Each structure stands twice: as C-alpha cells, then as structure tokens.
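This report concerns only the one structure given below.
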Amino acid sequence: MSLLEDIHEVQRQLQHDLSQIDINAQSVENLRIKYLGKKGLIAGLFKDFGALSSSEKPEFGKALNTLKKTAEEQIKSLQNRVAEQDNKGTSFDYTLPGYPFRQGRLHPITQTMNRICDIFGEMGFGIEFGPEVETDFNNFQALNFPPNHPARDMQDTFFVDKDILLRTHTSPIQIRTMLKTKPPVRILAPGRVYRNEAINPRSYCVFHQIEGLYVDENVTFAELKLTIEVFAKRFFSKDVQLRFRPSFFPFTEPSAEVDISCIICGGSGCRLCKHTGWLEIMGCGMVDPNVFTACQIDPEKYTGYAFGMGAERIALLKYGIDDIRLFYEGDIRFLRQF
Ligand code: DAH
C-alpha cells in the first residue's frame, strides 16, 4: 500500500469517527490522541513520510499536511462545543423550578376608596371628579368661606397664584357639579387633596377625601343620618353605633361630625379610641343656602346634604394602622398585607 492510500484510509477513518462521536470531553480527547497524539495515526504517517526519497516528498507532503490540518480543525471545533456545553451547565440548571410571579394588587387607599364608592353607588350615588388645581372661588368662596374669614385658616393651603391653589378638600367638586347640573344631584367625589401641614403619624401634606352631595326638593337631615348609618354599618360592621355631634363647616348648616363606636373595643375604651369609646369618621351637614345661591340654585326650592371623609383615616381605622405615613412609603412588606 502506498503512503497515499494510507493517508486516504486515515482520512476515511477520521470522518467515520467524527460521524459516530458522542460529544463529551472524554470522547473528544480520545479522538485527539488517536489522530493527533505523539503516537497517533497522523504522527505515524509522518514517520513513513520521513523515509521517502526527496523526489516523492512533495506529492505526499501536501496530502499529509491537508489531513493534519483538517483533523486539527475538526477536533478543535469539537473541543469548543464541549466547552460551550460546560459553560451552559454551570450557569443554568434547566431542572430548577421557575421564579414565582408576584401578583400586584391595589393600594389599600385605592381599595378603601373603591369600597366606599361601591357602597354609595348601591344607594344611587354617581361619581364625579374634579381637578387638583382649583380656583379660590370653587375651593373657598362658593363654599361660603368669605375672604379673610378665619375659617380659611382651618385649611393650610398651598397657593399656586393669588386665586389658584391646590385643592384643600374635595368639596369644590360639589360646586362644579351644581354649576353644571341642576337638581336632583346625588354624587360621590373621591380625590386627592393637599394641605400645607407638618408630616407626622396623624397627618400628611397629601391625602384623599371622599365627598358626598345630595340635592333635591325636601331632602332632610334624617335622610343624611340614615345614609351615613347604612354606609358605616356596611363598611365597618353591622354592630357599630353612630353618634352625630354638632360642629361647624362654612358650607353646611347645621353641621355635624359623625362618630362610630370603637371597632376595636366596641365602646368600652382602648388605645385606638383614646379611651373615649368613639371614633370620628366624617363631617357632614345640610348644604348652606349661600352655597346654593353661589351655584345659581334656588335655596327656597331645594335642600340638600353633604358629607366628607378622609380615605386615609377610614383605612387607618378599618385596618388598625397607627401611622398614616406607611401609606406613602411604598414598602412592599406593608402593602402586601392588603
Ligand atoms: N371639606 C371638609 C374638610 O375637608 C369635610 C367636609 C365636612 C365635607 C362636612 C362636607 C361636609 O361636605 O358637609 O374638612
């Protein structure tokens, strides 16, 4: 057999081995030793090649070099594939369970406002919204806060301009609604409000209110009481007792503040109710005739009631939380509990 035939035979063997190989570090190394090792098949051919006469060398040399180069390239590419498999193996384990998907949820204040809107919605109240940047007229004047009246001090206002401000309550939505809709009007107005107040566990400079307004002929304080009672029993518990305390708001006359019996101690006294047995939940009253007049509604013909509550306060009571700031910190450990 001539050397050329030997070269072709090794080439055939190499192709056969390559087609059969199960790629892993050991089998590739075995293949390398078999063909490219010091005592490998190709080294053997080179030995035979050394024995040839110088006139024969050019022809066989070329074929032998091609074989060696091919073997080197193909084995190198197998080694690369083994290395790639190893890398994958260390960085990713396909048998690991997947990452759990955390489901998002509504913020407790949003949940509280939605629930309040649902309860009043079932009693026939529609929803109205208003802008957070308001006029002095809508926020104060039309609500019967006269200019320079001390009642304005009840609300520490962020002014944008002389007559433009960040609304201090959702009551201006009453005005907007009555200016565009003639009675009967029965609406709930949820929204964000702003007050220039020091931040502490009880108050924050931004919070949420829900305003209610019902205007028609012959609306009475008794209806107001019943509506609030139905709400409080549905929202807190059917066992809560209600108490209406006389109070003052410029836009209602008479005005009242509403307390419910403490939802923790039931009225016997505890830390939440500061040992009074009662928790204040909202302000309310009969719409002041001056407010009707400002909205071009005849106060002789119509009466109405209004109420307003703080969503944060309601949520604090409902969930027994003692620091309002928790609602704004975005701490997932807190929010996840709702
Ligand atoms: N606007 C009042 C406040 O921010 C809350 C309020 C009290 C609204 C009585 C009303 C109401 O509609 O009748 O303190």
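Laid out as a table, the results:
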{"quantity": "Separation of the Ile127 and Gln241 label points, Cα + 7 Å toward Cβ, nm", "calculated": "3.6"}
{"quantity": "Solvent-accessible area, 1.4 Å probe, carbon plus sulfur percent, for segment 108-335", "calculated": "51"}
{"quantity": "Solvent-accessible surface (1.4 angstrom probe) belonging to Arg115, in square angstrom, nearest 10", "calculated": "100"}
{"quantity": "Between helix 3-20 and the chain: long-axis angle, C-alpha atoms, 0 to 90°, nearest 10", "calculated": "30"}
{"quantity": "Sequence of Leu18, Leu96 from largest to smallest accessible area, 1.4 Å probe", "calculated": "Leu96, Leu18"}
{"quantity": "DSSP-defined antiparallel bridges as percent of all bridges, segment 108-335, nearest 5", "calculated": "95"}
{"quantity": "Under Karplus coefficients 6.51, -1.76 and 1.60, residue-wise ³J(HN,Hα) of segment 329-338 in Hz, glycine/proline x", "calculated": "7, x, 6, 4, 5, 6, 5, 5, 7, 10"}
{"quantity": "Probe 1.4 Å, all protein chains present, accessible-area order of Thr70, Thr252, largest first", "calculated": "Thr70, Thr252"}
{"quantity": "Loop-located chymotrypsin sites (Phe, Trp or Tyr not before Pro) in segment 1-92, at most 15 other Cβ atoms within 10 Å (DSSP)", "calculated": "Phe92"}
{"quantity": "Amide H within-cut-off set for Met282, under 5 Å, with H built and near neighbours excluded", "calculated": "Val258"}
{"quantity": "Cα shape, segment 192-240, gyration tensor, a/c 1.5 rule", "calculated": "oblate"}
{"quantity": "Exposure of Ile164 as accessible area (Å², to 10), given a probe of 1.4 Å and all protein chains", "calculated": "60"}
{"quantity": "Around Thr135: net Lys/Arg minus Asp/Glu count, Cβ-Cβ under 11 Å", "calculated": "-1"}
{"quantity": "Part-to-part distance (alpha-carbon centres) for segment 282-326 and segment 139-207, which is given in Å", "calculated": "11"}
{"quantity": "Neighbourhood net charge (15 Å Cβ-Cβ; Lys/Arg +1, Asp/Glu -1) for Tyr302", "calculated": "-4"}
{"quantity": "Accessible carbon and sulfur surface of segment 3-88 relative to its total accessible area, %, 1.4 Å", "calculated": "50"}
{"quantity": "Shape of the chain, Cα gyration tensor, a/c cut at 1.5", "calculated": "prolate"}
{"quantity": "Accessible-area value, Leu317, 1.4 Å probe, nucleic acids and ligands omitted, Å²", "calculated": "10"}
{"quantity": "³J(HN,Hα) computed for each position of segment 220-225 - Karplus, 6.51 cos²θ - 1.76 cosθ + 1.60, integer Hz, glycine/proline x", "calculated": "10, 5, 4, 5, 4, 4"}
{"quantity": "Check: the chain dipole with +1 on Lys, Arg Cβ and -1 on Asp, Glu Cβ, in debye", "calculated": "880"}
{"quantity": "Relative contact order computed over segment 159-212 (Cα-Cα under 8 Å; 6+ residues apart), in percent", "calculated": "36"}
{"quantity": "Surface per residue (accessible, 1.4 Å probe) for segment 3-88, Å²", "calculated": "65"}
{"quantity": "Loop sites in segment 230-338: GluC sites (Glu not before Pro), DSSP, at most 15 other Cβ within 10 Å", "calculated": "Glu300, Glu329"}
{"quantity": "Under Karplus coefficients 6.51, -1.76 and 1.60, residue-wise ³J(HN,Hα) of segment 120-132 in Hz, glycine/proline x", "calculated": "5, x, 5, 8, x, 8, x, 10, 10, 10, x, x, 7"}
{"quantity": "Heavy-atom accessible area order for Lys233, Lys180, largest first, 1.4 Å probe", "calculated": "Lys180, Lys233"}
{"quantity": "Anisotropy class of segment 121-239 from Cα gyration tensor, a/c 1.5 cut", "calculated": "oblate"}
{"quantity": "Segment 1-74: GluC sites (Glu not before Pro) falling in loop per DSSP and having at most 15 other Cβ within 10 Å", "calculated": "Glu56"}
{"quantity": "Charge dipole (the chain, unit charges on Cβ, about Cα centre) - positive-most of Leu67, Tyr99, Val193", "calculated": "Leu67"}
{"quantity": "Nearest-20 debye value, segment 1-104 charge dipole, Cβ charges on Lys, Arg, Asp, Glu", "calculated": "280"}
{"quantity": "Most positive-pole-ward Cα, Ile127, Ser2, Thr227, against dipole of the chain from beta carbon charges", "calculated": "Ser2"}
{"quantity": "Placed amide H near Val206: partners under 5 Å, 5+ positions off or other chain", "calculated": "Arg195"}
{"quantity": "Amide H contacts under 5 Å for Glu128, placed H, 5+ residues apart", "calculated": "Leu188, Ala189"}
{"quantity": "Cut-off 9 Å between beta-carbons: net charge of the residues surrounding Phe244, Lys and Arg +1, Asp and Glu -1", "calculated": "+1"}
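The values are calculated or read from the model by the stated rules, or taken from the named source; none is laboratory data. It should be emphasised that the depicted structure is a prediction, and the values quoted were computed from it without experimental measurement. A quick note on method: Cβ atoms are made from the backbone with ideal geometry, for glycine too, and the neighbour counts reach across all protein chains shown. We work out accessible area using only protein heavy atoms, side chains counted, and drop any ligands, DNA or RNA first. Shrake-Rupley method; radii C 1.70, N 1.55, O 1.52, S 1.80 Å.
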